[in-house]
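Chemist: First the structure, then my questions, so here it is.
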Amino acid sequence: MSDRRIGIRLKDLPGRRVKEESLHRAVVELLQVSARPGVEWSHFPAGEYRPAVTGGRLKALGTKPGWPDIILVKDGHFYGLELKTEDGRLSPAQVAAHEALAAAGATVAVAYGLDAAIAILKQWGLIR
């Protein structure tokens, strides 16, 4: 799939590598235009910097560290897609959360770059 179809030309982004937020925005735009009917999805906003008081409040409300960036549901199945730049690394909290989700029956994958994210979403049958 051409990066133009989702409106972001990777060569126009600053620097040699696509920053994780730019990657995230590209995947969101892809899902907005290409998600198959019946696919529900959302970003899981747990990784951003927050003041300690906000982080404490979210933790008290049940937010858990390490969950995948994009949560998708189709036909009663839960999918988690973690987005990383090509040189990104998983944190220990992400490894633990992904293992726990998989043990609970979810399908979880890490996409290192836009091409990998597209390939995973196609493999899962969640985008056209």
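The values are calculated or read from the model by the stated rules, or taken from the named source; none is laboratory data. Here the structure is a predicted model, which means the values were calculated and not measured. As a convention, Cβ positions derive from the backbone with ideal geometry for all residues, glycine included, and neighbour counts pool all protein chains shown. Protein only, heavy atoms only, side chains kept; ligands, DNA and RNA dropped before computing areas. Shrake-Rupley method; radii C 1.70, N 1.55, O 1.52, S 1.80 Å.
Chemist: Looking only at residues that are surrounded by 15 or more Cβ atoms within 10 Å (Cβ to Cβ) and either without any contact (Cβ under 8 Å) to a residue 60 or more places away in the chain or hydrophobic (A, V, I, L, M, F, W, C) (or both) in segment 30-42, which one is nearest to residue 113 (Cα to Cα)?
Modeler: Among them, the one singled out is 30.
Chemist: Okay, moving on. Can you list residue pairs whose Cβ atoms sit under 9 Å apart, with the first residue in segment 46-72 being within 21 Å of residue 32 (Cβ to Cβ) and among the β-branched types (Val, Ile, Thr) and the second being open to solvent by 70 Å² or more (accessible area, probe 1.4 Å) and not in a loop (DSSP other than H, G, I, E, B)? Count only pairs 6 or more apart in sequence or on different chains.
Modeler: 70/41; 71/40; 71/41
Chemist: Taking segment 77-107 only, how many residues are closer than 18 Å to residue 27 by Cα and either within 10 Å of the chain's Cα centre (by Cα) or buried (at least 19 other Cβ atoms within 10 Å of the Cβ) (or both)?
Modeler: 6
Chemist: While we're looking at this one, here's another question. Go through the residues of segment 34-43 one by one and say whether even a single one is at pLDDT below 95 and more than 11 Å from the chain's Cα centre (by Cα). Don't jump to the end; show me each part of the working.
Modeler: Applying the first criterion (at pLDDT below 95) to segment 34-43 yields 43.
Keeping just the survivors that are more than 11 Å from the chain's Cα centre (by Cα) gives none.
No, that holds for no residue.
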